[in-house]
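Structure, as structure tokens:
Here, each number is a calculation from the coordinates, and none is a lab measurement. Quantities reported herein were computed from a predicted structural model and do not represent experimental measurements. Neighbour counts are summed over all protein chains in view; Cβ atoms, including those assigned to glycine, are modelled from backbone coordinates with ideal geometry.
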Amino acid sequence: MTLEEFTRIVDLYGAESARWPKALRAECETFLANNAPARMLLDQERVVDDLMGQLEFPGFPGLESRVLNQPLPEPKDGIFGELANWLLPGESFGKQIWRPALVACIPLAFGIVVANYFSFGVGIENDGFQYWGDELAMLSLTDYTEIRF
Amino acid sequence: MTDEELMQAVCMGDKEAYQILVKQHLKSISHYAYRLLGNQKDTEDITQEVFLRLWTNAKKWKSDKSKLTTWLHRIAHNLCIDYLRKHGRVQTQKSFDEEDFGSLPKTGEANDNGGDKLRLLQEAISTLPENQRSALTLCHYQGFSNKEAAAIMNISVKALESAIARAKRSLREQLAANQ
């Protein structure tokens, strides 16, 4: 083990050998016993660990009641709920005008889609194509030499 | 009730479930925010916003992907980082030094040597970059595993370990230099 490897273990797991990885613990302790810089590092780390344990946090008086009493909006309803909320008349004047107009557009758009599907479908175009195909075939069979002007 | 049941209740608009969750998680969230921001007022604002987001975005939490506390800490982390980017770190250090640690004995006029060291450590922590302060706080104070802390900070475990190692080295050096 090198001092760098030992330092990394101390950085990650602290000065307490019980928290070091089991697989490396014995090796670390042997290294520590024979290495003065490692012992100095461990002493410094103990000081940091102890002090960090002593640091206190302020109590934040009143924070709990502030969080509990803050005005809570209605929970979000997912994408369809959001869409419905957006479409329904809102509180501002602009939304009150705009949203009903948008709602009125929905059946119109629906009607266009349905009518397009049933009235201008692919079937009619196919029939037309077949019709013109038949016409061309008939024309090609016509003996124009017999036509007299 | 489990976190999952409480969150389902919150999704249905149950304010009692919200209150229970606030009481369960307020302390750890406020402490984490305080470690990152360094002053009481901003900590309270961010903590309030975290729980507002818990209420409004409850449906976004997936119990199979992360623990509720991890999700809340991630929200807190993102809010704190946004705040620090907007307001800079100078205010944070000033706050650590002048506002909230006035109760600690000042350097040179300490009642005992421990108070001096505590103040030095506090100052040293406040000068760490945000990612190191965050990594140290999550793993040392909040008790998260390296994997969970990395998920909160949205970095790899290797990057987290590197941040912790740098933070520890920096703290040791600063304390040793002042002894």
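In segment A:30-49, which residues are more than 9 Å from chain B (Cβ to nearest Cβ) and either under 30 Å from residue B:27 (Cα atoms) or not in a helix (DSSP H, G or I) (or both)?
Answer for segment A:30-49, where residues must be more than 9 Å from chain B (Cβ to nearest Cβ) and either under 30 Å from residue B:27 (Cα atoms) or not in a helix (DSSP H, G or I) (or both): A:34, A:35, A:46.
Going through segment B:5-35 one residue at a time, which ones are closer than 23 Å to residue B:87 by Cα and surrounded by fewer than 22 Cβ atoms within 10 Å (Cβ to Cβ)?
B:31
Go through segment A:26-38 and count every residue that is loosely packed, with under 12 Cβ neighbours inside 10 Å and more than 48 Å from the chain's Cα centre (by Cα).
5
I'd like the residue in segment B:135-179 that is hydroxyl-bearing (Ser, Thr, Tyr) and in a loop (DSSP other than H, G, I, E, B) and, out of all such residues, is farthest from the other protein chains (Cβ to nearest Cβ).
So, considering only residues that are hydroxyl-bearing (Ser, Thr, Tyr) and in a loop (DSSP other than H, G, I, E, B), the one farthest from the other protein chains (Cβ to nearest Cβ) is B:156.
With the requirement that a residue be more than 17 Å from residue A:52 (Cα to Cα) and of a type in the set (D, E, K, R), what does segment B:22-46 give you?
B:23, B:27, B:41, B:42, B:44, B:45
Look at segment B:140-179 and say how many of its residues are under 14 Å from the mean Cα position of the chain (by Cα), surrounded by fewer than 23 Cβ atoms within 10 Å (Cβ to Cβ) and free of Cβ contacts under 8 Å to residues at least 40 places away in the same chain.
So the count comes out to 3.
Collect the residues in segment B:17-50 that are under 22 Å from residue B:136 (Cβ atoms) and β-branched (Val, Ile, Thr), keeping them in residue-number order.
B:29, B:43, B:46, B:47, B:50
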